[in-house]
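Here the structure comes first, spelled out in structure tokens, and everything after it is commentary.
The values are calculated or read from the model by the stated rules, or taken from the named source; none is laboratory data. The structure presented is a predicted model; accordingly, all values stated were derived computationally and were not measured. Cβ sites come from the backbone with ideal geometry, for glycine too, and all protein chains shown count toward neighbours. Surface accessibility is based on the protein's heavy atoms, side chains included, excluding ligands, DNA and RNA. Shrake-Rupley method; radii C 1.70, N 1.55, O 1.52, S 1.80 Å.
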Amino acid sequence: MKKIMYKVVLISLFLIGVCNIKSQAASDFSYTLDNNGNATITAYKGSASSLTIPSTIDGHKVTTIGSHAFDENRTSTNGHTIKQLVISEGITRIDGWAFAKCENLESVKLPESLTTLDWQIFLECEKLTSINIPHNLTFLNQGFLSQSGIKEIIIPKNIQKFIGDEFRSCKNLKKAYIYNDDINYYNNGHDTEVFKGCDSIILYGNEGSTTQKYAQQNGIQFELLSSSEEPPITTMGSIHLNKNELSLKENESETLTVSFLEIPSSTKVIWSSSNENVAVVENGKVTAKGVGNTIITVSTEDGKYNDTCNVEVKNIVNDQTIVPITSISLNKDSLSLYVGEAEKLVATILPNNASDLNLVWTSSNSNVATVENGKIVAKTAGITTITVSNVDGTRSATCNVTVIEKEAAKQVLDNTIAKEKLPQTGYNLMLLAIGVIAITLIAIIMYKKYMNYKDIK
């Protein structure tokens with residue numbers, strides 16, 4: 001019996017787990033939640049070739065892209081469909097091997113909010129040729145773009161050190177522009193071999209920099225940044241919208257703004273909406289047209305840089321959050337009234353911020369008493385039940401009401417003898433008679449004792 005119960009419990013837990021996973025995979029992304037309600041993306045079930053990983057899913061803030069989330073060799077996911085990847089602002093961490101072996105991935109735009117990269121994020125992405133490095137990172141971590149198709153890379157000043165193998169075996173990597181003059185090429189005293197296997201690479205840096213010294217020690221060609229060609233804009237610049245998620249009501253408008261990173265602020269951009277029946281955009285001003293969802297895209301004229309904003313348009317009426325009534329109580333659950341009297345009942349509603357505070361009052365017998373907005377008016381002698389409920393009748397409270405005729409009440413207090421009772425006192429005449437007899441007997445006995453005592457004397 002115990003074994004059977006044990007199996008039932010295990011099966012139940014399994015089913016609960018399956019249900020939880022399904023409930024969290026409401027979109028193309030599967031995800032888990034931490035204790036703060038923040039989401040970590042664990043897999044992708046869609047088929048888009050140009051993919052934007054959103055900053056929120058189902059109302060949860062996305063902070064992390066999980067380990068092997070798009071790696072089909074380790075996870076049931078669709079990493080092979082992605083060619084252009086944009087990771088929205090707000091995401092701060094990418095765990096190990098997240099996009100490893102995404103065979104068709106060509107370009108990546110990382111968010112400036114990114115602070116942590118784990119190991120071998122883009123390992124063996126052989127078609128990847130374009131990526132930016134955010135300015136909040138201080139290192140790239142081991143195997144960052146190892147065996148990828150990258151051709152040129154910009155290492156900004158914020159990168160302070162290499163961990164190891166960041167660009168190992170990137171056979172197409174020909175130029176690396178390194179702007180930190182004191183970047184550390186050694187980890188715990190050992191050569192990080194950051195560019196090992198990169199055939200015919202040229203390192204660009206400043207005179208006297210650690211990059212120049214490292215190139216000389218390892219037989220790598222070195223050129224000065226000041227005399228080299230300008231770093232290609234395709235690998236170091238980016239544009240960003242101030243919002244990647246936007247919620248509007250019908251006919252409402254909001255203006256999105258663009259910031260430019262390491263490209264001229266005068267760069268012309270083009271705005272577009274994926275569904276103009278939902279919202280249109282002009283020079284960044286988004287105007288809601290109809291209920292639904294659309295993606296607002298801003299891109300440079302040459303199409304090399306872009307950013308997106310997911311827009312949801314809600315119906316004005318249905319946009320309100322409904323807070324239902326959870327309980328109703330009355331200040332009295334029973335009440336007695338004389339005919340013609342009135343009394344007000346007070347109803348208490350919880351929670352205090354309930355959306356619909358309208359109440360319905362009824363009397364089970366309106367001939368005995370009527371009720372309106374809690375005010376009870378007694379009509380004739382009898383009993384009735386007063387009920388108060390919310391509009392849909394799911395919550396209610398009751399009060400039992402007894403109505404008494406005034407004449408009937410007066411008779412009880414009359415000064416005439418009724419049913420062997422004294423006026424107003426309510427003492428039974430038989431009890432009074434017994435008391436009188438007892439006192440008389442006691443008096444007789446005492447008298448006889450007194451007379452006997454007198455005779456003896």
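Determine the gain in length on full extension of the stretch Glu103-Ile445; use 0.36 nm per residue of separation and subtract their C-alpha separation, reporting nm with one decimal.
110.6 nm
Quick one: if the Förster radius is 25 Å, what FRET efficiency do Asp182 and Thr267 give, using the C-beta to C-beta distance and rounding to 0.05?
0.20
In Å and on Cα atoms, what radius of gyration and Dmax does the range 72-217 show?
14.7, 49
Report the accessible area of Trp271, computed with a 1.4 Å probe over the heavy atoms of all protein chains in place, in Å² rounded to the nearest 10.
The accessible area of Trp271 comes to roughly 50 Å².
If you take every residue apart from Ile296 with its C-beta less than 13 Å away from the C-beta of Ile296, what net charge results, scoring Lys and Arg +1 and Asp and Glu -1?
That sum, taken over residues with Cβ under 13 Å, equals -3.
Any idea how far the Cα center of the range 38-105 sits from the one of the range 183-207, in Å?
The range 38-105 and the range 183-207 have Cα centres spaced 30 Å from each other.
Report, in whole Å, the centroid distance computed from the Cα atoms of the range 350-405 and the range 148-169.
What the calculation gives is 76 Å, centre to centre.
Within the set of other residues whose C-beta is less than 13 Å from the C-beta of Gln120, count the net charge using Lys and Arg as +1 and Asp and Glu as -1.
Summing Lys and Arg as +1 and Asp and Glu as -1 gives -3.
With r as the distance between the Cβ atoms of Ser47 and Val346 and R0 = 56 Å, compute the FRET efficiency 1/(1 + (r/R0)^6) and round to 0.05.
Approximately 0.40, to the nearest 0.05.
Ignoring ligands, DNA and RNA, what accessible area per residue does the range 158-310 give at 1.4 Å, in Å²?
50
Express in nm, to one decimal, how much length is gained between Arg93 and Ser327 on full extension, taking 0.36 nm for each residue of separation and deducting their alpha carbon distance.
Result for the pair: 79.8 nm of gain on full extension.
If you take the beta carbon distance between Lys314 and Lys127 as r and set R0 to 45 Å, what does 1/(1 + (r/R0)^6) give as a FRET efficiency, to the nearest 0.05?
So the FRET efficiency works out to roughly 0.70.
Aspartates and glutamates near Lys268 by alpha-carbon distance under 16 Å, same-chain residues fewer than 8 away left out - which ones?
Those aspartates and glutamates meeting the cut-off are Glu282, Glu301, Asp302, Asp307.
Please list, or write none, the aspartates and glutamates whose alpha carbon is within less than 16 Å of the alpha carbon of Lys379, excluding same-chain residues fewer than 8 places away.
Reachable aspartates and glutamates: Glu341, Glu343, Glu405, Glu407.
Of all the Cα-Cα pairs you can form in the range 240-348, what percent are over 16 Å apart?
Roughly 67 percent, rounded to a whole number.
Starting from the Cα-Cα distance between Lys157 and Glu223, subtract it from 0.36 nm times their residue separation and give me the gain in nm to one decimal.
Between Lys157 and Glu223, full extension yields 22.0 nm more.
First compute the accessible area of the range 45-172 with a 1.4 Å probe, then give the percent of it belonging to carbon and sulfur atoms.
Carbon plus sulfur share of accessible area: 42 percent.
Note down the net charge around Thr64, summing +1 for each Lys or Arg and -1 for each Asp or Glu among other residues with Cβ under 12 Å from its Cβ.
Summing Lys/Arg as +1 and Asp/Glu as -1 gives -1.
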